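Read through the structure below, which is laid out as C-alpha cells, and then see the notes.
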Amino acid sequence: MAGDLSFFVTAESTKTPSELWHQLASGDTSGWPILRHCLKLEVGAAVMFNIPHPNGSTIDSSGRIVEVFKDELVNVAQETPWSGQISIALKPVAAGTRITVKVQLGSDCLPWFAVAAEAESDGRNPGGIKIGLLAPLSGTAGLLGRAVANAATLAVEELNSSSGFGRRPAELVVADDRTDKGAALTAFNHLTVTERCDVIVACISSASLQAIRPFAKMRGTLFLAAAMSEHTPSGENFFQFGETPLDQLAASVPLMMERTNSRHWFIIGSDYIWPRSIGMVANEVIDRHDGVITGEHYQPLGAPQFDEVIDRISKSGADLILSSLVGIDAVLFERAFFESGLRSKFRTLATNFDDSLLDHTGRAVADGIWSTQEYFMPTLADEMDSVARRYRERFGELAPRLSSMAKSVYDSIHLYAQALGIAKSADPADISSVLRSARLGGSRLLSRDRGKVLTTELVEVTPEGFRQIRTNRQ
C-alpha cells in the first residue's frame, strides 16, 4: 500500500463505456473490478464489493454510491469493514474500455492489514473515560455495523460536548467482532487488556456473547450488551439491554395470523443460539394461538445456497414464514425467495430486518415483509425523533439509517453516562450498583435487563420504505 493508504485495480473490457454503464445500471456487475452487487446505479444506492488483501484473499465490503457521472465515473463511500472511498473510472480505449478502481483506505483498516496493529495503542486516555464498542463491521452481520458505530460516535460526541462523562472527554474505541466468536473474543481482549477500556458496549451475536461472557465475568468487566438476545443469566457487571424473542413475537405472531387469516408457519433462521431461541419461543407462541408449524430450518452462517430450503417451503403447506436469518444471509435469502416467484404466496415476519438489509435487498424484492424490532427510524424528516434528526445532521442523508441496534447502543452509552454521574466513580461495581438500583428511573433498557417483556415495533416493507403497523411508543 502507498503511504496515503490507497491502491489501484485496473481491468480491460471489450465493451464500450456506455455498454458497461448500461450493464451495471441493470444490476449486472460482471466484468467490473471488485464490485459484487449493485441494485441501482444512483446516488444513495447500496453496493457490495471485495477489497483485495495482500495475502491473495478478499475482504467483503459494503458502501453507498455518493457520486455518478454517466459513462465515466462512480464514487462510493465505503461503510464496512472500515470507512474509505472507492472511485471507479471508465476510459475509452481502442479495444474498448479501461476500468480503473482507486481504493482509498481509512485508518481504521489497519487491523486488517497490519499484523502488529495491537501495538499501536498504549491503552491510556489520561484522566478520561475509555468506552469500547464491539460491533460487527464484517462477516455475515457486517452490513449492520456502520450504523452502530455511527450511533456510538454520536453519543460520545454529545456527552463530551455537555461534559456528560466529567471534566475530561471520553474516548471511543471501536473493535470489529467480524461476526465470528473467535474474532469477537480477540477483539474483547484488545479492548479490555490492550486498550484498558472502562466499559464495553457490545452489539454482537449471541454466539459471540457466549464466548466472551466467562472472560468478562472473570475480569469483572462492565459489559453492556445492546443487541437483541435470549437474555441468559449474567454476572454482576453484565447487562443485556436488547429485545428478546418474546418481546418480538408475543404480539407480532398473533397479529400477523389475524391480519392474513393464515395459521401455517415455516420457521427459518441462522444456525446459532439466538435464531434457535426465536424458534423455541415461536413454537410456544404459535401453538398458543392455534397455529401450525409445518417446517423448521436453520442455515449455517455464510452459507448462501437456499434452493433446497425454498423448495421445502414451497411444498410445506405453510403460508407464513418466520425468519431470523442474519445480515447478508437474510438479504440473499429474500432475493432468492423473490426470484423463485413465491413472494406473493407467503407473508414473512422477520426479526432482524432493518434499513441496511432493506437497502441491499431492494424494496421491490422485499415488498410485503413484516419486521419487528425495538426501533425503526422514521422515513420523513418531520416525523423523526430528536435522536434521529441529530444522527441525520451528523452523518448526512446518505449514511445508513439509525437502526434498532444502533439506537440501543446510543441509549446504552447515555445510560452509562447517567450512572457514572450518580456513582461519581468509573469502578464497574459502583456503576453496576447504580444500574441495578431504582435511581435511573423507568428506562426500557433496564426494564428488559430485569426480565420485563416489552412489545417491539412492527413495520411492513412498502415501495416507499417501512410502514408502521404497530408502535411501542406511549
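Averaging the sequence gap over all C-alpha pairs within less than 8 Å and six or more residues apart, then dividing by the number of residues, gives the chain a relative contact order of 13 percent.
When only the Cβ of Lys, Arg, Asp and Glu is charged (+1, +1, -1, -1), the dipole of the chain relative to its Cα centre reaches about 720 debye. Count Lys and Arg as plus one, Asp and Glu as minus one, and take only other residues whose Cβ is under 10 Å from that of L320; the net charge is then +1.
For a test of the definition: using alpha carbon positions, the gyration tensor, and the 1.5 limit on a/c, classify the chain as rounded, prolate or oblate. Verdict is oblate for the chain.
Taking a span of 20 Å or more along the helix axis (Cα atoms) and a mean Kyte-Doolittle hydropathy of at least -1.0 as the rule, the DSSP H helices of the chain that qualify are 145-161, 273-288, 404-423.
Ordering V434, V193 from the fewest to the most neighbouring beta carbons within 10 Å gives V193, V434.
Mean residue ellipticity at 222 nm, helices only, the chain: -10000 deg cm²/dmol; runs of at least 4 DSSP H residues each add -39,500 (n - 2.57), and the sum is divided by the number of residues. Mean separation of Cα pairs under 8 Å and 6 or more residues apart, divided by the residue count, gives region 6-112 a relative contact order of 27 percent.
Neighbour counts of other Cβ atoms within 10 Å put C203, C38 in the fewest-to-most order C38, C203.
Sorted ascending by nearby beta carbons within 10 Å, beginning with the fewest, R448, R389 become R389, R448.
The three principal axes of the Cα atoms in region 6-112 give end-to-end lengths of 40, 28, 18 Å, sorted in falling order. For K345, the lysines whose Cα falls under 19 Å of its own Cα, not counting residues fewer than eight places away in the same chain, are K315.
Every number in this text was worked out from the coordinates using simple rules, so none of it is lab data. Quick caveat: nothing in here was measured; it's all calculated off a predicted structure. Neighbour counts are summed over all protein chains in view; Cβ atoms, including those assigned to glycine, are modelled from backbone coordinates with ideal geometry.
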